[in-house]
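Here is the structure we will look at.
The values are calculated or read from the model by the stated rules, or taken from the named source; none is laboratory data. What you see is a predicted model; the values in this text were computed from it and never measured. All Cβ positions, glycine included, derive from the backbone under ideal geometry; neighbour counts span all protein chains shown.
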Amino acid sequence: MKIFKFGGASVKDAESIKNIARILQVEGTENTLVVISAMGKMTNAFEDVVDTYYTKSEELPNKLNLIEEYHKNIMKTLFEKNDEIYTTVDILFGELGWFLARNTSQRYNYVYDQIICFGELLSTRIVSAYLSKTGVQNNWFDVRNYIKTDSNYRDAKVNWELTGDIITNKVDKQKLNITQGFIAANDTENTTTLGREGSDYTAGIFAYCLDAESVTIWKDVEGVLNADPRVFENTTLLEQISYEEAIEMAFYGASVIHPKTLQPLQKKEIPLLVRSFLNPKEAGTKVSKGTMLVPNIPCFIVKKDQILISISALDFSFMVENNISYIFQKLHDYQLKVNLIQNSAISFSLCVDNKFNKFDAFYNELKAQFKIEFQNGVNLYTIRHFNKKTVAEITKKGASLLRQTSRETVQIVLKEN
Ligand SMILES: Nc1ncnc2c1ncn2[C@@H]1O[C@H](COP(=O)(O)OP(=O)(O)O)[C@@H](O)[C@H]1O
Ligand SMILES: N[C@@H](CC(=O)OP(=O)(O)O)C(=O)O
């Protein structure tokens, strides 16, 4: 069985959806499972709905209208006025409205997941209906009945045993299956999510459980490049990457592949292909067992808008196991994602992502016990397979605040203007 994943960019408008139908017709529609993300930037729009719900509820109808209009504009091009999809989509907006009106929970992350899931539910319904309309038979299903997780809303952990059982028993391998990325459900049937950009991971979960022959992620770029083309001018396509190398790149923040996606694939040696939906004839990138990197060139990864924190003890004592373990417990409690660590005898430096806006609370708790300084808005550059020239190229971009070098990797924290 083949697993395809189409991300937001590949379902961002009516033309993109027509393109998916063309790709499926060329690639074949049997023994295939297609995982689809929310359209375009709709997950961001739903995040805005969540914030508005809590802070400026008078603006909520307006935000919801914008989302509805976006989807209906796309539908206008793809369907006739009386097509059933309009009822399906209205029911979904009705369910969302019902939740917003009835919810009494103040648990932000729980509420977030119950709202955010509509992006994927809408996109998959629309793509599935369009495929059916154009004669491509398909089987839409609600992934929340297949992927089961714990109740760690917004970053749920998969219950592999249960999920594996359900998927192997329930997925009809003969058909073209269409389902949602990123969302799942816990054992009380509440919606959970796998972390932002988690649809790649969904594809990996299905591939693992179904022993798929391959996973293909369709992108608006040729494949995995040696640097983010939005940040670097000259980029080169990587034709082959080993699992180990791809895991390293994803870990350091190469956003083109979600970091959790690769391990399940590596375990079963399922190749991951990253191909262009704009140029589907090209081979793109293959991540598989084998050669580390082809071509073997330096690769650049940048994580923007990080916080560089420096912590030392108030009494100038050494930063050792007991206070470091305490700090890590707090980082975990406040869901701060650590991207770089460096310690000296009396101070401990960290570069973190303030993913869930919990840095202030972390800071306030720690400042009672430690001297803690921080700098917002720094960028973390990682160069895999670096050389002198590439390090010089990066460091000339701004003031270098911290550097860490290992055999294959250099990481540099920069304050850019
Ligand atoms: N190393 C890289 N190789 C290719 N694309 C990259 C890389 N790093 C960042 N990108 C960016 O990732 C984008 C595709 O990812 P994304 O927008 O998340 O796609 P989707 O949401 O459709 O899955 C590309 O348009 C490109 O700008
Ligand atoms: N829609 C979700 C999940 C996802 O993976 O999206 P994309 O494939 O567009 O990155 C998000 O934006 O986080």
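For V274, the requirement of being in a strand (DSSP E or B) and either in contact (Cβ under 8 Å) with a residue 24 or more places away in the chain or out of contact with any Leu (no Cβ under 6 Å at 6 or more places or on another chain) (or both) is met. Exactly one condition in (1) under 26 Å from K157 (Cα atoms); (2) out of contact with any Asp or Glu (no Cβ under 9 Å at 6 or more places or on another chain); (3) surrounded by fewer than 20 Cβ atoms within 10 Å (Cβ to Cβ); (4) not β-branched (V, I, T) is not met by L265; state its number. Against the list (1) under 26 Å from K157 (Cα atoms); (2) out of contact with any Asp or Glu (no Cβ under 9 Å at 6 or more places or on another chain); (3) surrounded by fewer than 20 Cβ atoms within 10 Å (Cβ to Cβ); (4) not β-branched (V, I, T), L265 comes up short only on (3). Close contacts from the stretch 324-335, counting a first residue that is of a type in the set (F, W, Y) and a second that is surrounded by 13 or more Cβ atoms within 10 Å (Cβ to Cβ), with Cβ to Cβ under 7 Å and a gap of 6+ residues or different chains, come to Y334/K358; Y334/A361; Y334/F362. The set of residues from the stretch 211-238 being buried (at least 21 other Cβ atoms within 10 Å of the Cβ) and either assigned to a helix (DSSP H, G or I) or more than 14 Å from ligand 1 (Cβ to nearest atom) (or both) comprises just one member, A212.
Here's the yes/no breakdown for (1) more than 14 Å from ligand 2 (Cβ to nearest atom); (2) of a type in the set (A, V, I, L, M); (3) in contact (Cβ under 8 Å) with a residue 12 or more places away in the chain; (4) surrounded by 17 or more Cβ atoms within 10 Å (Cβ to Cβ):
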{"position": "G7", "(1), (2), (3), (4)": "no, no, yes, yes"}
{"position": "I20", "(1), (2), (3), (4)": "no, yes, yes, yes"}
{"position": "E27", "(1), (2), (3), (4)": "yes, no, yes, no"}
{"position": "T32", "(1), (2), (3), (4)": "yes, no, yes, yes"}
{"position": "S37", "(1), (2), (3), (4)": "no, no, yes, yes"}
{"position": "G40", "(1), (2), (3), (4)": "no, no, yes, yes"}
{"position": "T43", "(1), (2), (3), (4)": "no, no, yes, yes"}
{"position": "V50", "(1), (2), (3), (4)": "no, yes, yes, yes"}
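For the stretch 336-386, the set of residues classified as in a strand (DSSP E or B) and charged (D, E, K, R) consists of K337, D353, K371, E373, R384, listed by residue number. Annotation: of all residues in the stretch 1-23 being more than 13 Å from ligand 1 (Cβ to nearest atom) and within 22 Å of I167 (Cα to Cα), the one that is farthest from the chain's Cα centre (by Cα) is M1. Search the stretch 146-177 for residues being among the β-branched types (V, I, T) and within 13 Å of C209 (Cβ to Cβ), and hand back the single one that is surrounded by the fewest Cβ atoms within 10 Å (Cβ to Cβ). Per the stated criteria, the residue is T168. Pick from I257, I241, I178: which is touching a residue at least 24 places away in the same chain (Cβ under 8 Å), within 15 Å of ligand 1 (Cβ to nearest atom), part of a strand (DSSP E or B) and of a type in the set (A, V, I, L, M, F, W, C)? Of I257, I241, I178, the one residue that is touching a residue at least 24 places away in the same chain (Cβ under 8 Å), within 15 Å of ligand 1 (Cβ to nearest atom), part of a strand (DSSP E or B) and of a type in the set (A, V, I, L, M, F, W, C) is I241. Counting the residues of the stretch 77-125 that are farther than 17 Å from L60 by Cα, of a type in the set (V, I, T) and away from ligand 1 (no atom under 16 Å from the Cβ) gives 6. Taken together, the criteria exclude D13 from residues that are within 21 Å of G198 (Cβ to Cβ), in the same structural domain as Y201 (by TED's automatic domain parsing), of a type in the set (D, E) and within 16 Å of ligand 2 (Cβ to nearest atom).
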